[in-house]
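*Asks:* Below is the structure I would like to discuss, written out as structure tokens.
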Amino acid sequence: MGTWASIGDQRATFVIDMSKIFYPDQNQSYSYRLFKDSIRIKYDDLEVNYLVRTKGSDTLILVGTDAQVFYRFSN
């Protein structure tokens with residue numbers, strides 16, 4: 001859960017709450033499901049799975065074909 005930003009971004013990349021993941025730049029929300037150590041996000045006609053890793057409470061790493069690192073965002 002929380003608001004996350006990509007490395008170097010000055011704005012939130014996405015916000016995860018209990019029922020959806022919201023992308024502010026697109027003004028779009030998508031459903032997701034958690035499975036043990038992974039997340040499945042349903043984008044319109046596409047479902048994407050990522051392995052979820054964390055470093056402490058402020059670093060989120062989503063691993064798919066590559067690893068994407070996000071930091072807890074606070075404005």
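Readers should treat all values here as calculations from the given coordinates under stated rules, not as data from a laboratory. Keep in mind that this is a model prediction, so the values were computed, not measured. Don't worry about glycine lacking a Cβ; one is built from the backbone with ideal geometry, like all the others, and counts go over all protein chains shown.
*Asks:* Filter the range 16-53 for residues that are among the aromatic types (Phe, Trp, Tyr) and closer than 18 Å to residue 67 by Cβ and give the result.
*Replies:* 50
*Asks:* Another question about this same structure. With the requirement that a residue be small (Gly, Ala, Ser) and surrounded by 14 or more Cβ atoms within 10 Å (Cβ to Cβ), what does the range 1-37 give you?
*Replies:* 2, 5, 6, 12, 29
*Asks:* Could you run through the range 12-23 and say how many residues are under 12 Å from the mean Cα position of the chain (by Cα) and either basic (Lys, Arg) or not in a strand (DSSP E or B) (or both)?
*Replies:* 4
*Asks:* Oh, and also: For the range 31-61, enumerate the residues that are of a type in the set (D, E, K, R) and assigned to a strand (DSSP E or B).
*Replies:* 33, 40, 42, 47, 53, 55
*Asks:* Looking at (1) in contact (Cβ under 8 Å) with a residue 12 or more places away in the chain; (2) among the small types (Gly, Ala, Ser); (3) out of contact with any Pro (no Cβ under 6 Å at 6 or more places or on another chain), which is the only condition residue 29 fails?
*Replies:* (1)
*Asks:* Quick one: count up the residues across the range 32-74 that are touching a residue at least 40 places away in the same chain (Cβ under 8 Å) and either of a type outside the set (A, V, I, L, M) or more than 14 Å from residue 14 (Cβ to Cβ) (or both).
*Replies:* Residues meeting the conditions: 6.
*Asks:* Kindly indicate whether residue 57 is exposed (fewer than 13 other Cβ atoms within 10 Å of the Cβ) and closer than 22 Å to residue 72 by Cβ.
*Replies:* Yes; evaluated as a whole, the condition is true for this residue.
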